[in-house]
Amino acid sequence: MSADSPLGTFEEHVMLAVVRTRDDAYGMAVRREIERVTDREVTIGAVYATLDRLEAKGLLGSGRTTGEGSRRVFAVTTRGASALAETRAMRERLWQGVDLSRLLAGASS
């Protein structure tokens, strides 16, 4: 496991939203993707703070689009992709052998 991982939960969400939105990964699009997939509201300030932090760590890169309505668009770096893969592998190891059925059955009674 590298020093870049495991990612925090929101960091993971932001990076996955960047991957999912591809060439359209500017702040508001990332926010909308997180909200659409997680069904949770997030503030644009939290998204930009996380994008900036991940870029400072070298896990994301950014550039400006040209033309009218120039936007700062983000992309996952190779180092960021490694951190995502390691975080996913760790999460899957944590879930191995976990059976919540008994706990969930108790929750309904």
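Conditions tested, residue by residue: (1) at pLDDT 95 or above; (2) open to solvent by 50 Å² or more (accessible area, probe 1.4 Å); (3) assigned to a loop (DSSP other than H, G, I, E, B).
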residue	(1), (2), (3)
16	yes, yes, no
20	yes, yes, no
30	yes, no, no
42	yes, no, yes
63	yes, no, no
75	yes, yes, no
Problem - Test: residue 80 is loosely packed, with under 13 Cβ neighbours inside 10 Å and assigned to a helix (DSSP H, G or I) - result: no
Practice task
Take segment 55-88 and flag every residue that is touching a Ser or Thr at 6+ places or on another chain (Cβ under 9 Å) and either within 12 Å of residue 5 (Cβ to Cβ) or of a type in the set (Gly, Ala, Ser) (or both).
Solution key: 58, 59, 61, 75, 79, 82, 83, 84, 85, 86, 87
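The values are calculated or read from the model by the stated rules, or taken from the named source; none is laboratory data. Quick caveat: nothing in here was measured; it's all calculated off a predicted structure. When we count neighbours, we look across all protein chains shown, and the Cβ atoms used for this are built from the backbone with ideal geometry, even at glycine. Keep in mind that these areas ignore ligands, DNA and RNA; they rest on the heavy atoms of the full protein, side chains included. Shrake-Rupley method; radii C 1.70, N 1.55, O 1.52, S 1.80 Å.
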